[in-house]
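Written below as structure tokens is the structure these notes are about.
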């Protein structure tokens, strides 16, 4: 049915119903419009006959928002009448007529058309119809079908913004988030600058992409695309070769604030999160790797076609050795390496650090007055949990 409706809205008459023969004797004759100035009109008497009235006793009369179809019984200068037997007659007029005038020009008496009921309170009892809203409903229905069938569409990129790309499909503008781009298309901007990301995304404007629809919400007018869908099966096949615990080697393709992207093979990248780069403090991943270099990493998670990697787990865990040397209440020396909202972080050896809480000093200002970055102080261990890699320190050099 939807195929026939769509063909009607695009001007096809393949499924058009034949015009009723008014010479035949029937229980209810169809009104025969008269031509005037090459346009079809209805007399007042014919209008009353065509209207037919709503039959209140019918079990399932159409409601506002329903899609209906029926043969055109007359075309006037500003109205189109559609037979909706046995429920009555529909009319396209006013703003709906003007909006759909390009389509209406192609409509002839006898053509079967589809429309959406927008009102059922017309003073003369007609169902008020909209061709435009019917077409929109059909497009959204087609989008839902595309989601279910995982169809891949070749679509043109219209515009770009800092979050992704704008795609037009069937007259509806949808959105392709940057996060839904293939790995090789994702803008790996080294410093995470949004203006630079936009410049990278603009390179796709005017090109065509193989996309799939992942969200279609007609109420919100939301249409979301993904480039990943077209490669998902192939990617899952590639990922299936890898297991947690494997050591892999790849090329660094991107360094961002939250981690490092490593290309493992064509069509597959893994991510080393900033917390998995090194056992020591990592403020900026760019200080540890450079784009284009080859590095080794350990697979720590394989989930939904994504691979998470760790660089630090290929190195000895310093907390294992620290567990043999340190314990609660020991006095040790440490170098202040960072301040944060909780206090100061002091390193007692490479990869092992503890927190000196701000509450010891009363305020952040007093803490920074007592401790300086890069300087060594004595501390007492108040908490030591090597399994959880946690340590709390108390400053002992207070005056």
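Read-outs throughout are calculated quantities, based only on the coordinates presented, and are distinct from any laboratory measurement. Note that this is a predicted model, so its numbers are computed, not measured. Methodologically, a virtual Cβ is constructed for each residue, glycine included, from the backbone with ideal geometry; neighbour enumeration extends over all protein chains shown.
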Extension gain from residue 253 to residue 154, taking 0.36 nm per residue of separation minus the Cα-Cα distance: 33.0 nm
What distance in nm separates the simple spin-label points at residue 243 and residue 207, each placed 7 Å from Cα in the Cβ direction? 3.7
Expressed as a fraction of 2.2 N^0.38 Å, the rule-of-thumb size for a compact globular protein of N residues, what is the C-alpha radius of gyration of segment 107-161? 1.68
Relative contact order of segment 180-278, pairs being alpha-carbon contacts under 8 Å that are 6 or more residues apart, as %: 25
Mind ordering 78-86, 120-128, 157-165 by average Cβ neighbours within 10 Å, highest first? 78-86, 157-165, 120-128
Please give the length that would be gained between residue 217 and residue 291 if that part of the chain were fully extended, namely 0.36 nm times their separation in residues minus their C-alpha to C-alpha distance (nm, one decimal). 22.7 nm
Would you mind getting me the FRET efficiency between residue 376 and residue 284? Use the beta-carbon distance for r and R0 = 22 Å, nearest 0.05. 0.40
Given segment 237-389, report the % of alpha carbon pairs whose separation exceeds 26 Å. 40
Could you tell me the relative contact order of segment 241-314? Use alpha-carbon pairs under 8 Å, at least six residues apart, and round to a whole percent. 36
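Any number yet on Rg/Rh for segment 150-232, C-alpha, Kirkwood? Mind showing how you got there, number by number?
Working: Rg = 12.4 Å, Rh = 12.9 Å.
Computed over Cα atoms, the ratio is 0.96.
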Could you state the principal axis extents of the C-alpha atoms in segment 181-325, from the largest down, to the nearest angstrom? 63, 35, 32
With R₀ set to 30 angstrom, the calculated FRET efficiency between the beta-carbons of residue 196 and residue 173, to the nearest 0.05, is 0.75
Average Cα contact separation per residue, segment 318-395, under 8 Å, 6 or more apart, as relative contact order %: 35
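Taking 0.36 nm per intervening residue step and subtracting the Cα-Cα distance, what contour gain separates residue 77 from residue 63 on full extension?
Full extension from residue 77 to residue 63 adds 2.3 nm.
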